[in-house]
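Here is the structure we will look at, set down as structure tokens.
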Amino acid sequence: MPIVCIIGAVVLQAASYGYISGRFDSSGSLYLACVGFASAAVIFNLVHAVRRRTASAADAAPPRPAGRLLLLMNIVTAVTFLGFYASLAWIPSALASGVEAAVGPLAVALLALTGHGRRASPRGWLAAVLLIALGAAVAVSLSGGASSGQGMLLGLALVVVAGFGASALAVISGELGRRGVDPVRTTAHRFHLTYLAGAALLMVQGGPGEQWAQQLPAMLLTGLAAVTAPLFLLQVGIQRADSMIAMVLLTTVPGLTYLAETVFHGGFDELTFALIVGLIAVAVWAALPGRERSRRLPHSSGSRTPSARTTVESTEAARFR
């Protein structure tokens, strides 16, 4: 089920962005993102409030302590979002989105070395290296090449920060899942700082234009399909799935978006298509359960296994306190 939610989020986001590609300038895209984030906050705060009111006394368990993690989610989400959009001043959006996604699995593996999250297996490390190479190649191909210089280096540095931010969000989400925090509650609290920061950035750019009020209904509908719905599906998935698998699957978003663009708008490049197929193949291979995950020792599920697992989860939880 978690993997299905992540795949659903990936497909919905790629299809939505492929369809609307070329319809908005940078301010329009930022406007759409802000509307989507704000819609997620409003909708899921309402859903969370209704669920708490309608729950019976027997079903209404006291909320787990997660205030610090939810605040951290707010901060890291905003930093990731702003890092990505700031990078667009120096590098093309296709290059930025491709590199951000490609960095994800390697960032998860490196974060695990610092004691945050589950350590990557040798297969995970190999997949991370292959995906960052293929992802970067797809990104360069989609951007049509890019000029070098200090601006390019700064843009790439910002988008790498955004990639590490996205991976940190996956690790934090996993911890929220282990604490039993409802994804509805997480989505209700996650985006407040992000849409405020996005709105400030939009005002600095001059705002969404004189027709912003007329555009709002269309932006709301588009934002629900392209931002709000996939983000919730993704939140459900990453709170219950392995962080490495989640980030591996997310590396396919830029390539699938390109394929959706070719379906809706035409245009096709054989090399780019071949790279995307290779990336998707590696992502599927990395997401499939390996021998080290599927192997079960006979009669080893007694008292020692649960206690060992509890010890590991308690140790991971302690690092976020």
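The values are calculated or read from the model by the stated rules, or taken from the named source; none is laboratory data. Given the structure is predicted, the values throughout are model-derived calculations rather than measurements. Note that we place each Cβ from the backbone using ideal geometry, even for glycine, and neighbour counts take in every protein chain shown.
If you go through region 264-276 and keep only what is touching a helix residue (DSSP H, G or I) at 6+ places or on another chain (Cβ under 9 Å), in a helix (DSSP H, G or I) and surrounded by 12 or more Cβ atoms within 10 Å (Cβ to Cβ), you end up with Phe264, His265, Thr272, Phe273, Leu275, Ile276. Against the numbered list (1) among the polar types (S, T, N, Q); (2) surrounded by fewer than 23 Cβ atoms within 10 Å (Cβ to Cβ); (3) under 20 Å from Val10 (Cα atoms), Ser121 comes up short only at (3). Being assigned to a helix (DSSP H, G or I), over 18 Å from Ala9 (Cβ atoms) and acidic (Asp, Glu) is a description that applies to Glu261. So is Glu210 in a helix (DSSP H, G or I) and of a type in the set (Asp, Glu) or not? Answer is no for this residue. If I filter region 256-276 down to residues being more than 26 Å from the chain's Cα centre (by Cα) and charged (D, E, K, R), which single residue comes out as nearest to Leu142 (Cα to Cα)? Out of the qualifying residues, it is Asp269. Any idea which residue in region 180-193 is farthest from Ile132 (Cα to Cα), counting only those that are assigned to a helix (DSSP H, G or I) and of a type in the set (Val, Ile, Thr)? The qualifying residue farthest from Ile132 (Cα to Cα) is Val184. Just to verify a result, which residue in region 202-218, among those that are touching a Gly at 6+ places or on another chain (Cβ under 9 Å) and surrounded by 14 or more Cβ atoms within 10 Å (Cβ to Cβ), is modelled with the highest pLDDT? Within region 202-218, the match that is modelled with the highest pLDDT is Gln215.
Hey, does region 30-42 have a residue that's touching a Gly at 6+ places or on another chain (Cβ under 8 Å), at pLDDT 85 or above and among the hydroxyl-bearing types (Ser, Thr, Tyr)?
Pass one, region 30-42, residues touching a Gly at 6+ places or on another chain (Cβ under 8 Å): 30, 32-37, 39.
Subset that is at pLDDT 85 or above: 30, 32-37, 39.
Imposing the further condition that a residue be among the hydroxyl-bearing types (Ser, Thr, Tyr) reduces the set to 39.
Yes, region 30-42 has at least one match.
Residues in region 155-179 that are more than 16 Å from Arg68 (Cα to Cα) and not in a helix (DSSP H, G or I): there are none.
Scan region 86-102 residue by residue and report those that are surrounded by fewer than 22 Cβ atoms within 10 Å (Cβ to Cβ), in contact (Cβ under 8 Å) with a residue 60 or more places away in the chain and not small (Gly, Ala, Ser). Those that are surrounded by fewer than 22 Cβ atoms within 10 Å (Cβ to Cβ), in contact (Cβ under 8 Å) with a residue 60 or more places away in the chain and not small (Gly, Ala, Ser): Leu88, Trp90.
Applying the set (1) touching a Pro at 6+ places or on another chain (Cβ under 6 Å); (2) at pLDDT below 90 to Val263 leaves exactly one unmet item: (1). Filtering region 219-252 to residues that are surrounded by fewer than 24 Cβ atoms within 10 Å (Cβ to Cβ) and under 10 Å from the mean Cα position of the chain (by Cα) leaves only Leu231.
Residue-wise test of (1) within 24 Å of Val160 (Cα to Cα); (2) touching a Lys or Arg at 6+ places or on another chain (Cβ under 8 Å).
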| site | (1), (2) |
| --- | --- |
| Ser16 | no, no |
| Arg23 | no, no |
| Arg68 | no, yes |
| Thr80 | yes, no |
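For region 113-154, a tally of residues being assigned to a helix (DSSP H, G or I) and either more than 15 Å from Ala286 (Cβ to Cβ) or modelled with pLDDT under 85 (or both) returns 14.
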